[in-house]
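For reference, the structure is listed below as C-alpha coordinates.
The values are calculated or read from the model by the stated rules, or taken from the named source; none is laboratory data. Nothing here was measured: the structure is a model prediction, and the numbers come from that model. Note that each Cβ is placed from the backbone with ideal geometry, even for glycine, and that neighbours are counted across all protein chains shown. Heads up: the accessible areas ignore ligands, DNA and RNA and are worked out on the full protein's heavy atoms, side chains in. Shrake-Rupley method; radii C 1.70, N 1.55, O 1.52, S 1.80 Å.
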Amino acid sequence: MRVRGITFDFDGTLADTLPVCYSAFRRVFRTHLGREYSDAEIHEMFGPCEKGVIQAVLAEWEPAFEMFLREYERAHGVCVEPFPGIVEMLDDLERRHVPVAIVTGKGPESAAISLRLIGLADRFEIVEAGSPSGPVKPEAIRRILGLWGFEPSEVAHVGDSASDIRSARECGTIAIAAAWAPRTPRPVLAAAGPDEIFDSVADFRDWVLRSPIQD
(Lines give C-alpha, C1' and ligand atoms only; values in the text may rest on other atoms or scores of the structure.)
Protein backbone atom coordinates (compact mmCIF):
# COMPACT_ATOMS: atom_id res chain seq x y z
CA MET A 1 0.00 0.00 0.00
CA ARG A 2 1.31 3.42 -0.95
CA VAL A 3 0.43 6.03 1.69
CA ARG A 4 0.35 9.65 0.55
CA GLY A 5 -1.82 11.12 3.32
CA ILE A 6 -3.28 10.14 6.70
CA THR A 7 -6.48 11.18 8.45
CA PHE A 8 -6.82 10.65 12.18
CA ASP A 9 -9.74 10.28 14.53
CA PHE A 10 -9.20 12.25 17.76
CA ASP A 11 -10.65 10.72 20.96
CA GLY A 12 -8.78 7.53 21.78
CA THR A 13 -6.53 7.86 18.72
CA LEU A 14 -4.42 10.99 19.20
CA ALA A 15 -4.99 11.37 22.95
CA ASP A 16 -6.88 9.75 25.83
CA THR A 17 -9.64 12.38 25.78
CA LEU A 18 -12.66 10.10 26.24
CA PRO A 19 -12.52 10.41 30.05
CA VAL A 20 -12.60 14.20 29.58
CA CYS A 21 -15.75 13.89 27.46
CA TYR A 22 -17.45 11.60 29.97
CA SER A 23 -16.64 13.87 32.91
CA ALA A 24 -17.96 17.00 31.22
CA PHE A 25 -21.17 15.35 30.04
CA ARG A 26 -21.74 13.79 33.46
CA ARG A 27 -21.54 17.18 35.20
CA VAL A 28 -23.87 18.77 32.65
CA PHE A 29 -26.45 16.01 32.92
CA ARG A 30 -26.27 15.98 36.71
CA THR A 31 -26.96 19.73 36.79
CA HIS A 32 -29.60 19.94 34.06
CA LEU A 33 -31.27 16.52 34.26
CA GLY A 34 -30.69 15.59 37.89
CA ARG A 35 -29.35 12.18 36.98
CA GLU A 36 -25.94 10.49 37.17
CA TYR A 37 -24.98 8.94 33.82
CA SER A 38 -22.37 6.20 33.46
CA ASP A 39 -19.60 6.30 30.89
CA ALA A 40 -21.37 3.58 28.92
CA GLU A 41 -24.66 5.49 28.88
CA ILE A 42 -22.90 8.62 27.67
CA HIS A 43 -20.99 6.69 25.02
CA GLU A 44 -24.26 5.33 23.63
CA MET A 45 -25.28 8.92 22.84
CA PHE A 46 -22.23 9.52 20.63
CA GLY A 47 -22.74 10.01 16.92
CA PRO A 48 -23.74 13.65 16.86
CA CYS A 49 -21.16 16.11 18.18
CA GLU A 50 -21.51 17.36 21.76
CA LYS A 51 -23.95 20.09 20.79
CA GLY A 52 -26.15 17.52 19.08
CA VAL A 53 -26.03 15.17 22.09
CA ILE A 54 -27.17 17.96 24.39
CA GLN A 55 -29.83 19.18 21.96
CA ALA A 56 -31.28 15.67 21.89
CA VAL A 57 -31.97 15.62 25.64
CA LEU A 58 -32.59 19.27 26.54
CA ALA A 59 -34.99 21.75 24.96
CA GLU A 60 -33.10 24.67 26.53
CA TRP A 61 -29.76 23.39 25.36
CA GLU A 62 -27.68 26.58 25.01
CA PRO A 63 -26.80 27.05 28.72
CA ALA A 64 -26.03 23.34 29.03
CA PHE A 65 -23.71 23.46 26.03
CA GLU A 66 -21.89 26.50 27.42
CA MET A 67 -21.48 24.60 30.69
CA PHE A 68 -20.20 21.58 28.78
CA LEU A 69 -17.39 23.60 27.20
CA ARG A 70 -16.38 25.05 30.57
CA GLU A 71 -16.42 21.63 32.22
CA TYR A 72 -14.62 20.06 29.27
CA GLU A 73 -11.71 22.46 29.57
CA ARG A 74 -11.66 22.06 33.36
CA ALA A 75 -11.63 18.26 33.14
CA HIS A 76 -8.77 18.29 30.62
CA GLY A 77 -6.26 18.24 33.47
CA VAL A 78 -6.36 14.44 33.24
CA CYS A 79 -5.11 14.63 29.63
CA VAL A 80 -2.33 17.13 29.03
CA GLU A 81 -0.46 15.49 26.17
CA PRO A 82 -1.01 13.13 23.23
CA PHE A 83 -0.37 9.42 23.48
CA PRO A 84 3.36 8.66 23.72
CA GLY A 85 4.87 8.54 20.25
CA ILE A 86 2.25 10.68 18.50
CA VAL A 87 4.45 13.77 18.27
CA GLU A 88 7.41 11.79 16.98
CA MET A 89 5.21 10.11 14.39
CA LEU A 90 3.85 13.48 13.21
CA ASP A 91 7.45 14.71 12.96
CA ASP A 92 8.30 11.71 10.75
CA LEU A 93 5.33 12.41 8.48
CA GLU A 94 6.19 16.08 8.23
CA ARG A 95 9.76 15.25 7.23
CA ARG A 96 8.36 13.01 4.49
CA HIS A 97 5.92 15.73 3.35
CA VAL A 98 2.92 13.53 4.08
CA PRO A 99 -0.18 15.65 4.84
CA VAL A 100 -2.23 14.82 7.90
CA ALA A 101 -5.75 15.81 8.91
CA ILE A 102 -8.23 15.18 11.71
CA VAL A 103 -11.65 13.65 11.09
CA THR A 104 -13.52 13.57 14.38
CA GLY A 105 -17.00 13.32 15.79
CA LYS A 106 -16.09 16.04 18.27
CA GLY A 107 -17.54 19.46 17.74
CA PRO A 108 -15.23 22.24 16.54
CA GLU A 109 -15.25 23.88 19.98
CA SER A 110 -14.06 20.85 21.98
CA ALA A 111 -11.62 19.84 19.24
CA ALA A 112 -10.01 23.28 19.41
CA ILE A 113 -9.78 23.08 23.21
CA SER A 114 -8.14 19.65 23.12
CA LEU A 115 -5.69 20.54 20.35
CA ARG A 116 -4.60 23.61 22.29
CA LEU A 117 -4.26 21.88 25.65
CA ILE A 118 -2.28 18.87 24.38
CA GLY A 119 0.00 21.01 22.22
CA LEU A 120 -1.11 19.92 18.74
CA ALA A 121 -2.91 23.08 17.63
CA ASP A 122 -0.30 23.85 14.97
CA ARG A 123 0.11 20.30 13.64
CA PHE A 124 -3.08 19.91 11.56
CA GLU A 125 -4.11 22.34 8.84
CA ILE A 126 -7.37 20.46 8.30
CA VAL A 127 -9.71 19.59 11.18
CA GLU A 128 -13.04 18.15 10.08
CA ALA A 129 -15.33 18.25 13.11
CA GLY A 130 -18.59 16.43 13.81
CA SER A 131 -22.14 17.60 13.20
CA PRO A 132 -25.12 18.05 15.56
CA SER A 133 -27.19 16.06 13.08
CA GLY A 134 -25.20 12.84 13.36
CA PRO A 135 -22.11 11.01 12.02
CA VAL A 136 -20.47 12.68 9.01
CA LYS A 137 -17.01 11.09 8.86
CA PRO A 138 -17.33 9.59 5.35
CA GLU A 139 -18.30 12.98 3.92
CA ALA A 140 -15.40 14.59 5.77
CA ILE A 141 -12.90 12.04 4.47
CA ARG A 142 -14.14 12.57 0.92
CA ARG A 143 -13.71 16.34 1.26
CA ILE A 144 -10.11 15.84 2.35
CA LEU A 145 -9.44 13.45 -0.53
CA GLY A 146 -10.67 16.16 -2.87
CA LEU A 147 -8.48 18.81 -1.25
CA TRP A 148 -5.40 16.61 -1.40
CA GLY A 149 -6.14 15.26 -4.86
CA PHE A 150 -5.24 11.71 -3.80
CA GLU A 151 -6.90 8.43 -4.69
CA PRO A 152 -8.73 6.85 -1.72
CA SER A 153 -6.35 3.88 -1.81
CA GLU A 154 -3.44 6.29 -1.19
CA VAL A 155 -4.84 7.60 2.11
CA ALA A 156 -5.07 5.85 5.48
CA HIS A 157 -7.74 6.63 8.03
CA VAL A 158 -6.75 5.81 11.62
CA GLY A 159 -9.36 5.40 14.36
CA ASP A 160 -10.21 3.52 17.52
CA SER A 161 -13.80 2.47 16.78
CA ALA A 162 -15.65 0.13 14.45
CA SER A 163 -17.38 3.19 12.96
CA ASP A 164 -13.95 4.55 11.95
CA ILE A 165 -13.24 1.30 10.11
CA ARG A 166 -16.65 1.43 8.41
CA SER A 167 -16.08 5.07 7.40
CA ALA A 168 -12.72 4.18 5.87
CA ARG A 169 -14.25 1.22 4.02
CA GLU A 170 -17.10 3.38 2.71
CA CYS A 171 -14.60 5.85 1.27
CA GLY A 172 -12.18 3.24 -0.06
CA THR A 173 -9.28 4.40 2.13
CA ILE A 174 -6.85 2.16 4.02
CA ALA A 175 -8.55 1.25 7.31
CA ILE A 176 -6.20 1.37 10.31
CA ALA A 177 -7.45 0.33 13.76
CA ALA A 178 -5.84 2.15 16.69
CA ALA A 179 -6.03 -0.20 19.67
CA TRP A 180 -3.53 1.61 21.87
CA ALA A 181 -5.89 3.55 24.17
CA PRO A 182 -6.92 2.15 27.55
CA ARG A 183 -10.32 0.45 27.40
CA THR A 184 -10.28 0.18 23.59
CA PRO A 185 -12.36 -2.90 22.63
CA ARG A 186 -9.76 -4.66 20.47
CA PRO A 187 -11.99 -7.64 19.55
CA VAL A 188 -14.67 -5.25 18.28
CA LEU A 189 -12.08 -3.41 16.20
CA ALA A 190 -10.70 -6.64 14.79
CA ALA A 191 -14.20 -7.85 13.91
CA ALA A 192 -14.78 -4.68 11.88
CA GLY A 193 -12.14 -5.90 9.41
CA PRO A 194 -9.43 -3.24 9.33
CA ASP A 195 -6.50 -3.56 6.95
CA GLU A 196 -4.18 -3.30 9.94
CA ILE A 197 -4.63 -3.15 13.72
CA PHE A 198 -1.97 -1.77 16.05
CA ASP A 199 -1.68 -2.09 19.82
CA SER A 200 0.81 0.78 20.20
CA VAL A 201 1.67 4.03 18.51
CA ALA A 202 5.20 2.69 18.12
CA ASP A 203 3.93 -0.27 16.08
CA PHE A 204 1.88 2.04 13.85
CA ARG A 205 4.86 4.36 13.45
CA ASP A 206 7.02 1.40 12.38
CA TRP A 207 4.40 0.43 9.80
CA VAL A 208 4.29 4.00 8.51
CA LEU A 209 8.07 4.09 8.18
CA ARG A 210 8.09 0.75 6.31
CA SER A 211 5.31 1.79 3.94
CA PRO A 212 6.14 3.20 0.50
CA ILE A 213 5.24 6.75 1.44
CA GLN A 214 5.32 9.70 -0.95
CA ASP A 215 8.47 11.79 -0.27
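First compute the accessible area of segment 28-141 with a 1.4 Å probe, then give the percent of it belonging to carbon and sulfur atoms. Carbon with sulfur: 52 percent of the solvent-accessible area. Secondary-structure-derived ellipticity at 222 nm for the chain, considering helices only, amounts to -14000 deg cm²/dmol, per-run term -39500 (n - 2.57) for DSSP H runs with n ≥ 4. Compared with the dominant Cα axis of the chain, that is its longest principal axis, helix 108-117 is turned about 70°. Of the beta bridges in the chain, as assigned by DSSP with both residues counted there, near 5 percent are antiparallel. Applying the Karplus relation 6.51 cos²θ - 1.76 cosθ + 1.60 with θ = phi - 60° to segment 196-201 yields 3J(HN,Hα) values of 9, 10, 10, 8, 8, 4 Hz, where x marks Gly and Pro.
Dividing the mean sequence gap of close Cα pairs (under 8 Å, 6+ apart) by how many residues segment 89-215 holds gives a relative contact order of 20 percent.
Per residue, the convex hull spanned by the alpha carbons of segment 67-106 comes to 84 Å³.
Counting only heavy atoms of the protein chains, get the accessible area per residue of the chain (1.4 Å probe) and round it to a whole Å² value. Mind dumping the intermediate values first?
Numbers: 9730 Å² over 215 residues.
For the chain, the solvent-accessible area averages 45 Å² per residue.
The ratio of the alpha-carbon radius of gyration of segment 116-215 to the globular-protein estimate 2.2 N^0.38 Å is 1.10.
Each residue, ASP122 and VAL57, gets one label point 7 Å from its Cα in the Cβ direction; the gap between the two is 3.8 nm. Report, to the nearest 10°, how far helix 86-95 tilts away from the longest principal axis of the Cα atoms in the chain, using its own Cα long axis and a range of 0 to 90°. Tilt relative to the chain: about 40 degrees.
Taking every alpha-carbon pair within the chain, the share separated by more than 30 Å comes to 20 percent. The GNM of the chain, with springs linking C-alpha atoms under 10 angstrom apart, assigns the highest mean-square fluctuation among GLY146, GLY172, GLY52 to GLY146.
Which whole-number percentage describes the relative contact order of the chain, with Cα contacts under 8 Å and a sequence gap of 6 or more?
Across the chain, relative contact order equals 29 percent.
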